[in-house]
Amino acid sequence: MTRVAVVTGAARGIGAAIARALADDGWALALGDVCTDDPALGYALGCQADLDALADRCRDLGVPVVTQVCDVRVAADLERLVSAAAALGPVEAAVANAGVLGGSGPAWTLPDQVIERDLAVNYRGVVGLARSVVPSLIEAGSRGRFVAVVSAAGTTGLPLLASYSAAKHAALGFVRSLATDLSDSGVTANCVLPGSTDTAMLAASAAVYGLASSGDFARHSRTGRLLRPEEVAAAVRWLVSTDASGVTGTSLAVDGGFTG
Ligand SMILES: NC(=O)c1ccc[n+]([C@@H]2O[C@H](COP(=O)([O-])OP(=O)(O)OC[C@H]3O[C@@H](n4cnc5c(N)ncnc54)[C@H](O)[C@@H]3O)[C@@H](O)[C@H]2O)c1
């Protein structure tokens, strides 16, 4: 039977790698992304062309794919994405991957707008997806999976990124409680905590610290290199599989030893 997964922030980076990995495992996909830049962020986001190209690559792997412009800050967008997924078959997995770097600066100087931007996507975007999709996951019973792509910043305070770190801590706390609330249903809920992964967001982080390139983050990990998005996707791929049925309420660090 077709298994359907929803992925937010799928147009590029880690989200796109997750979509490709799930397609490779035969998951039908509903892929959402905001597909619009936010001038306040100071770096470009994924676009419709990225999302369309990804969908084609996944279809080449033989699975049905629908795409939606979906801003995780907007409940109606998430409802439409989950409805589009349900039209493909039973929704058994949801991956809350969309994230932004809302702004930077010493913690005590961050204005409310920065804190709000980080919370709106990195925390409330996870909550919003759970609201829309958990009833479907409960119908899937012990095959239901909720995974949030959080960050090493969900357990560590990153310099100059207090509001991003706070929002990621909040997302992690939410998913831990979600796992508890789902305990009678058989649905699992887990977090993946990536370290420095070679994506456009990491390039934006390098600019925060005045680094010449994102490659400079490699020295903070025990592997001495950046992660590839596919390495993070591999953890998500496993967490949504039936093999991971005994894992819930946990946070899986995929950070090259950064927090180890
Ligand atoms: N790259 C890293 O080093 C790293 C490390 C730790 C955690 N993460 C987390 O991994 C996830 C993916 O990050 P990435 O590095 O691939 O970043 P990215 O910027 O390359 O991709 C993020 C995607 O999310 C989309 N997005 C942004 N705001 C959205 C919104 N409101 N609604 C829907 N989609 C939205 C963007 O358009 C983009 O396609 C994020 O949650 C991020 O916080 C990344």
Checklist entry - Taking the Cα centre of the chain as origin and charging only Cβ (+1 Lys, Arg; -1 Asp, Glu), how large is the dipole, in debye to the nearest 20? => result 420
Next on the checklist: Given an 8 Å cut-off on Cα distances and at least 6 residues of separation, report the relative contact order of region 4-254 as a percent.
Outcome noted: 19
Item to check | Among A19, Y123, T259 - extreme Cα towards positive end, dipole of the chain, charges at beta-carbon | outcome: T259
Item to check | Sorted peptide list for 86-97, 125-136, 216-227, criterion being average Cβ within 10 angstrom, highest first | outcome: 86-97, 125-136, 216-227
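Each value in this text was obtained by applying a stated rule to the coordinates, not by laboratory testing. Quick caveat, the model's predicted, so the values are computed rather than measured. Every residue, glycine as well, gets a Cβ built from its backbone with ideal geometry; the counts of neighbours run over all protein chains shown.
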